[in-house]
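What follows is a short report on a single structure.
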There are 2 protein chains.
Amino acid sequence: MSLKHGLLGLLNYGSMTGYELDKIFRDSLSFFWQAKTSQIYRELDTMECHGWLTSERIIQNDKPNKRVYTITDSGKEELGNWLSMPESDIANAMRVKSAFLMRVFFAGETSTEQSLEMLRTYREKCMEASKGMSAAYDAISKYRTVVGNDEKSKYWRIAALYGDAFIHAGLTWADKAIAVLEEK
Amino acid sequence: MSLKHGLLGLLNYGSMTGYELDKIFRDSLSFFWQAKTSQIYRELDTMECHGWLTSERIIQNDKPNKRVYTITDSGKEELGNWLSMPESDIANAMRVKSAFLMRVFFAGETSTEQSLEMLRTYREKCMEASKGMSAAYDAISKYRTVVGNDEKSKYWRIAALYGDAFIHAGLTWADKAIAVLEEK
DNA sequence: GTGTTATACTCAACTTGTTGAATATGACAC
DNA sequence: GTGTCATATTCAACAAGTTGAGTATAACAC
């Protein structure tokens, strides 16, 4: 249900269109949650049916018409419940689901050279992601001025710190793994 | 498609029942891929339809009858293709999907005390997971003797190292995050 | 006037994953 | 003879996520 709650969280900052929500997801939440445009619109529909949102059609002359979504009291309540829900998805948070690691696990079926190649590619992706983090921090600064709340942006920074920590862990792991395979 | 490939990887070690596959998933792959029993049986069905597996019904006297699955040449080919498939899910591997981090991101809506509570719980789960890793290493030793291949178990260790690295990163992140919230 | 980009949204088919119950056998303990 | 555990599998309904194409408007540059 977390996509729904992510959307509620964003709409709690202010009313928005599906298009804007989609962009913010890509810009800033995509590090820890990804959603396709089509899924976002679908979820907005069902959330409106639940009564968590209302929507209003805005006629525009310079651009295509749009639909602006606004969170309702019932939506705010739902968001609050989700935020204070304990345990269950903290346990969930520990869960990794990685096709890549599954490949590492079974890489004994291929050659050492191929496995090293894979790990080196992973290492490079970590380096790229590491550079990309500055964009995330930029996005945080940008949206902080929009939302105008430093207390909230503190939590965004904490989430970004998670990104840094895990990218760094990925790098050092890759180095260690490469070393294990290279030793003879 | 990774559950299918995980099952192929295990069946490549030797023929097994759905029940055994389910247990091995829980024992050793669950760190990076989780699947429900019912899903495993469903996937085995569709994989047999693809011709990646054959199955044989074994009549037992002391226990309920069982169905033993065996990987076919076509299945081995599929496994090989998946293992040498580049890029695509290395990029995927970088992706985190965490409802917990989403909650951190929006935790500004709740009190600092509640947020700290959440982070402390996370920290504890990391500690638990850290202890649980030794069980994973035990499982590796146990299955190494079953599979009888040290070269392969090398990769299992590498996967386990990933677990260690990420649990450790989670711990230090949680400490940092708690420090950020506690500073006034 | 042509191509590109940004805006704005919709749809359908499909695969994957979750929930949770249901069924059945035989061993072993008390 | 009752209860529990380990073995072994099946089913159905539902929720979530993916793929990929399709539709449309208007600004801006060249």
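What follows is calculated from the coordinates using simple rules that are stated; it is not laboratory data. Please read all numbers here as calculations on a predicted model, not as lab measurements. Here the Cβ positions follow ideal geometry from the backbone for every residue, glycine too, while neighbour counts run over all protein chains shown.
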Which of the residues spanning the stretch A:22-38 are within 14 Å of chain B (Cβ to nearest Cβ) and within 8 Å of DNA strand C (Cβ to nearest atom)? A:LYS36
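Could you list all residues from the stretch B:57-105 that are β-branched (Val, Ile, Thr), within 16 Å of DNA strand C (Cβ to nearest atom) and closer than 21 Å to B:SER2 by Cα? Reasoning before the result, please.
Pass one, the stretch B:57-105, residues β-branched (Val, Ile, Thr): B:58-59, B:68, B:70-72, B:90, B:96, B:104.
Within this subset, residues satisfying the condition of being within 16 Å of DNA strand C (Cβ to nearest atom) are B:58-59, B:96.
Once the filter is applied, which keeps residues that are β-branched (Val, Ile, Thr), within 16 Å of DNA strand C (Cβ to nearest atom) and closer than 21 Å to B:SER2 by Cα, the stretch B:57-105 yields only B:VAL96.
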Here is a list: B:THR112, B:THR17, B:THR54. Which entry is touching a residue at least 12 places away in the same chain (Cβ under 8 Å), on the phi < 0 side of the Ramachandran plot, more than 10 Å from chain A (Cβ to nearest Cβ) and away from DNA strand C (no atom under 14 Å from the Cβ)? B:THR54
Hits in the stretch B:124-139 (condition: in contact (Cβ under 8 Å) with a residue 12 or more places away in the chain and more than 10 Å from chain A (Cβ to nearest Cβ)): B:MET127, B:SER130, B:MET133, B:ALA136, B:TYR137, B:ALA139
Given (1) within 19 Å of A:ARG95 (Cβ to Cβ); (2) out of contact with any Cys (no Cβ under 9 Å at 6 or more places or on another chain), identify the lone condition not met by B:MET94. (2)
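Kindly establish whether A:THR72 is more than 14 Å from DNA strand D (Cβ to nearest atom), among the hydroxyl-bearing types (Ser, Thr, Tyr) and at the interface with chain B (Cβ under 7 Å from one of its Cβ atoms).
On the way: more than 14 Å from DNA strand D (Cβ to nearest atom): yes; among the hydroxyl-bearing types (Ser, Thr, Tyr): yes; at the interface with chain B (Cβ under 7 Å from one of its Cβ atoms): no.
So A:THR72 does not fit the description; no.
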